[in-house]
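Enquirer: The following block contains the structure, expressed as C-alpha cells.
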Amino acid sequence: MFQHTKALQYNAKPERPDALYAAKLQEVIGGQFGEMTVMMQYLWQGWNCRVPGKYKDMILDIGTEEIGHVEMLTTMCARLLEGAPSETQADAAAANPALAAVLGGQNVQQAIVTGGAAMPTNAQGVPWNGGYIVASGDMLADFRHNVAAEAQGRLQVSRLYQMTDDPGVRDMLQFLLARDTFHQQQWLLGIEQLIEDGHTDGIQDSLASEEKTEPGHTFYSFDPDSTAAEGRWAQGTTLVGDHEIQYAFGTPLSDDVQQVPAPDPMLFATYDGSMGPGKPGTAGGAFVQGAENLISKAKDKLTPGE
C-alpha cells in the first residue's frame, strides 16, 4: 500500500515558461536513465526481495522516494509548458496550437497528446520501456547496477542544469543532484553491508569451483601497442581468489574455427554445399510438419459437404 502526500518532496517552480526546456526535461522523466526507470527498478527489486528487514525496507524506501521525483519532474514540465509558446507571435501560429508548439520548441506531443503536460517518454518521444529496469533477485548484482543507474541519471541532470538559467528550475535540479549523489552512496554502502552480512555473490559462491583457473586472473590484450598493462586491472592480485593477475596478448585458446552448420534444406538459406547436405527436420522441417499436422486435423473435423 502507498500513501500520497499532496505536497511535493521539493519545489518545482520555474520562474517562466520554457517549452523547449520542457521537451529536454522529458529525458530525465522517461528516458533509459530517467526517474521512471529507477523508480520502477527499485520498487521491483523491493517487491521481489526475499530478505525481509533492513534490505527490503531500504530498497522500497528509495523506490518510493523516486515516485516523488517523477511527480516533481512532471509538475515542473507542466509548469514550463504553461502558456507556451509565449514567444510565438505569428498569426498562423496563433491560429494553430500544434504549429505554435513546434515553432516554440515544444515537443509537439505535449500539445497534441497530453494537453500541455509531461509524458512517460524520453526527449525524443520514445515511450518508457520496462526493459530498462534490472531486478535479477541477486542483490549484489542489482545494487551494482543501481550505482550505475544513479551515476548516469546524475550525469544527465548535470547536463540539463547547464542548459538553463531559470533559478526555479536550477533550484529543483540542485536538489535532485544531491539526492542522486547520496543514492549512489546508499547503494555502495549497501554492497558493503551485504558483504559484511555474508550475502556474497550467488554465482561466485555456487560456481567458483567450476570456473577455469587461468582465465580468472589473466588480462588479455589485443593491441601490441596497448598501455593497458600500466593499470591496476592488469597487475597485483585479483579481488576474488587472491590470484596474481597475469598480462598476456590475446591468442586463440582452441583450434575450433567459427563455422555454422549446413542449413536445413526446408529453410532455403543461401548455401554453397561445401559442408555437405544439411540435416532436414530441424527448425524448418518441424515448422512444415507442424503445419501439415494442423491442416490434417482440421480436415478430419470437417464433414462431407462443408
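The values are calculated or read from the model by the stated rules, or taken from the named source; none is laboratory data. Note that the structure is predicted; figures quoted are calculated from it, not measured. Positions of Cβ are generated from backbone atoms using ideal geometry, with glycine treated the same way; all protein chains shown enter the neighbour counts.
Enquirer: Which of the following residues is of a type in the set (V, I, T) and modelled with pLDDT of 85 or more: V108, V102, V113?
Expert: V113
Enquirer: Would you check if there is a residue in the range 77-92 being within 17 Å of A123 (Cα to Cα), at pLDDT 95 or above and under 23 Å from the mean Cα position of the chain (by Cα)?
Expert: Checking the range 77-92: at least one residue is within 17 Å of A123 (Cα to Cα), at pLDDT 95 or above and under 23 Å from the mean Cα position of the chain (by Cα).
Enquirer: Out of the range 29-63, which residues are in a helix (DSSP H, G or I), polar (S, T, N, Q) and farther than 14 Å from N129 by Cα? Write out each step before concluding.
Expert: We begin by selecting, within the range 29-63, every residue in a helix (DSSP H, G or I); these are 29-30, 35-47, 54-63.
When the remaining residues are screened for being polar (S, T, N, Q), the result is 37, 41, 45.
Q45 - this is the single residue of the range 29-63 that is in a helix (DSSP H, G or I), polar (S, T, N, Q) and farther than 14 Å from N129 by Cα.
Enquirer: Something else now. Search the range 1-28 for residues being part of a helix (DSSP H, G or I) and not β-branched (V, I, T), and hand back the single one that is surrounded by the fewest Cβ atoms within 10 Å (Cβ to Cβ).
Expert: Only one residue fits best here, namely L20.
Enquirer: Given the structure, is Y132 aromatic (F, W, Y), touching a helix residue (DSSP H, G or I) at 6+ places or on another chain (Cβ under 9 Å) and under 18 Å from Q41 (Cα atoms)?
Expert: yes
Enquirer: Select, from T251, T270, T227, T237, the only residue that is in contact with a strand residue (DSSP E or B) (Cβ under 8 Å, 6 or more places away or on another chain) and either farther than 30 Å from A208 by Cβ or hydroxyl-bearing (S, T, Y) (or both). Lay out the reasoning, then the answer.
Expert: Numbers: T251 fails: in contact with a strand residue (DSSP E or B) (Cβ under 8 Å, 6 or more places away or on another chain); T270 fails: in contact with a strand residue (DSSP E or B) (Cβ under 8 Å, 6 or more places away or on another chain); T227 fails: in contact with a strand residue (DSSP E or B) (Cβ under 8 Å, 6 or more places away or on another chain).
Of the residues listed, the single one that is in contact with a strand residue (DSSP E or B) (Cβ under 8 Å, 6 or more places away or on another chain) and either farther than 30 Å from A208 by Cβ or hydroxyl-bearing (S, T, Y) (or both) is T237.
Enquirer: Go through the range 161-172 and count every residue that is assigned to a helix (DSSP H, G or I), surrounded by fewer than 19 Cβ atoms within 10 Å (Cβ to Cβ) and not aromatic (F, W, Y). Break it down stepwise before answering.
Expert: Step one: list which residues in the range 161-172 are assigned to a helix (DSSP H, G or I), which gives 161, 167-172.
If we keep only those that are surrounded by fewer than 19 Cβ atoms within 10 Å (Cβ to Cβ) as well, we get 161, 167-168, 170-171.
With the extra rule that they be not aromatic (F, W, Y), the set shrinks to 167-168, 170-171.
Counting residues in the range 161-172 that are assigned to a helix (DSSP H, G or I), surrounded by fewer than 19 Cβ atoms within 10 Å (Cβ to Cβ) and not aromatic (F, W, Y) gives 4.
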